[in-house]
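A.B. asks: Before I ask anything, let me first share the structure, which is written out below as structure tokens.
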Amino acid sequence: LPWPRLLWWFKRGLLAVCVIYVSVPFMMALFPDIIKHLVYSHRVRVPFFIDHSQPADLSLNHTMNMYLTSEHGISLGVWHTVPESQWKEAQGKDLEWYQDSLGAGNPIFIYLHGNGGTSAMDYHVLALDYRGFGDSTGEPTEVGITTDTLYLYQWVKARSGSSLVVLWGHSLGTGVATNTAVKLMEHGIVVDGVIIEGAYTNIRQKGAHDLFGWFYWKFPGFEYFFVDTRAENNIIFPNDENLKRMRSPLLILHAEDDHIVPIHMAQQLYEIAQSAQNSEKRVKMVPFARSLGYLHNGLYKDPHLPNIIREFVHSLPP
């Protein structure tokens with residue numbers, strides 16, 4: 001192509017990029033579903049072509065899939081993995097056996113969107129797909145997925161006897177965990193323990209550090225278009241405010257090189273929780289060195305993590 005023709009195409013391409021760049025903020029303000037998708041990403045289902053009802057297809061022969069109804073019309077998919085000491089016994093067992101096993105005394109983790117590797121430490125793990133995620137029905141809202149978690153917690157407590165029940169939230173799930181703990185406190189129930197991994201202070205402040213924050217932080221009206229719109233759409237997940245009220249023993253896990261949620265947010269949450277509970281024993285924070293390269297999703301790789309979790313569980317009052 002001759003040079004004038006190339007220059008013409010370059011100008012048109014540059015104009016298109018500029019139009020798209022300027023249009024995105026206004027599209028987000030006009031169409032709230034875009035904000036919902038950015039926060040929840042519930043329509044992105046990876047890995048693809050997985051039958052959630054058959055965990056055995058993924059060689060999880062010690063895991064049972066079940067469905068719970070948290071509200072009318074809302075069916076929640078839940079995977080229940082039994083402790084390592086029961087893996088052999090679990091082969092071929094039915095749903096009733098899995099439910100009965102919850103009362104055998106092993107600690108129980110309700111895991112809110114993250115890696116469920118705690119089962120190797122002889123703990124039960126119940127991993128919940130909130131409404132709209134996985135094969136659960138409905139559409140996610142902050143109130144809705146908090147309701148889902150409250151329902152699962154109450155379902156577990158009705159079957160767990162004297163077993164400890166711990167909420168473990170990762171990323172978005174940290175807000176769900178603290179929301180749930182605070183809601184239970186309003187009814188006089190203190191959760192046995194809470195673990196938050198890769199936690200943010202609140203969704204508004206986290207919004208300044210997500211993908212769009214990198215591209216638009218100098219854009220006029222950045223806070224209105226990319227930060228304030230989340231609160232306007234009732235997406236808040238206020239970990240900072242929740243920790244001022246929460247009285248459960250708390251463990252904060254965070255990688256120093258977390259590229260999604262900067263570690264200063266975890267440090268801020270630690271200081272809030274320590275001040276609120278006035279106890280170094282009930283509030284602990286474990287940072288993972290930048291040199292380990294765990295980023296936002298890699299803490300499960302750490303060889304010391306099982307001992308960290310085990311020590312936290314052993315510190316919980318019976």
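A.B. asks: Does His113 satisfy the criteria of being at positive phi and open to solvent by 20 Å² or more (accessible area, probe 1.4 Å)?
C.D. replies: yes
A.B. asks: Check whether at least one residue in region 168-184 is in a helix (DSSP H, G or I), open to solvent by 10 Å² or more (accessible area, probe 1.4 Å), modelled with pLDDT under 95 and not basic (Lys, Arg), and report yes or no.
C.D. replies: Yes, region 168-184 contains at least one residue that is in a helix (DSSP H, G or I), open to solvent by 10 Å² or more (accessible area, probe 1.4 Å), modelled with pLDDT under 95 and not basic (Lys, Arg).
A.B. asks: Would you pick out the residues in region 80-100 that are surrounded by fewer than 21 Cβ atoms within 10 Å (Cβ to Cβ) and either within 18 Å of Thr147 (Cβ to Cβ) or touching a helix residue (DSSP H, G or I) at 6+ places or on another chain (Cβ under 8 Å) (or both)?
C.D. replies: Glu84, Gln86, Ala90 - these are the residues of region 80-100 that are surrounded by fewer than 21 Cβ atoms within 10 Å (Cβ to Cβ) and either within 18 Å of Thr147 (Cβ to Cβ) or touching a helix residue (DSSP H, G or I) at 6+ places or on another chain (Cβ under 8 Å) (or both).
A.B. asks: List the pairs whose first member sits in region 81-102 and is in contact (Cβ under 8 Å) with a residue 60 or more places away in the chain, whose second member is surrounded by 12 or more Cβ atoms within 10 Å (Cβ to Cβ) and in a helix (DSSP H, G or I), and whose Cβ atoms are under 9 Å apart, counting only residues at least 6 apart or on separate chains?
C.D. replies: Leu102/Val156
A.B. asks: Being over 16 Å from His254 (Cα atoms) and open to solvent by less than 40 Å² (accessible area, probe 1.4 Å) is the filter here; which residues of region 277-318 pass it?
C.D. replies: Scanning region 277-318 gives Gln277, Ser279, Val313, Leu316.
A.B. asks: Within region 147-159, identify whether any single residue is open to solvent by 20 Å² or more (accessible area, probe 1.4 Å), under 19 Å from Val313 (Cα atoms), of a type in the set (D, E, K, R) and at pLDDT 95 or above, and answer yes or no.
C.D. replies: Yes.
A.B. asks: Oh, and also: For region 246-270, how many residues are part of a helix (DSSP H, G or I), of a type outside the set (S, T, N, Q) and surrounded by 14 or more Cβ atoms within 10 Å (Cβ to Cβ)?
C.D. replies: 5
The values are calculated or read from the model by the stated rules, or taken from the named source; none is laboratory data. Computed from a predicted structure; not experimentally measured. Positions of Cβ are backbone-derived with ideal geometry, glycine not excepted, and every protein chain shown enters the neighbour counts. Calculation scope for accessible area: heavy atoms of the full protein, side chains included, ligands and nucleic acids excluded. Shrake-Rupley method; radii C 1.70, N 1.55, O 1.52, S 1.80 Å.
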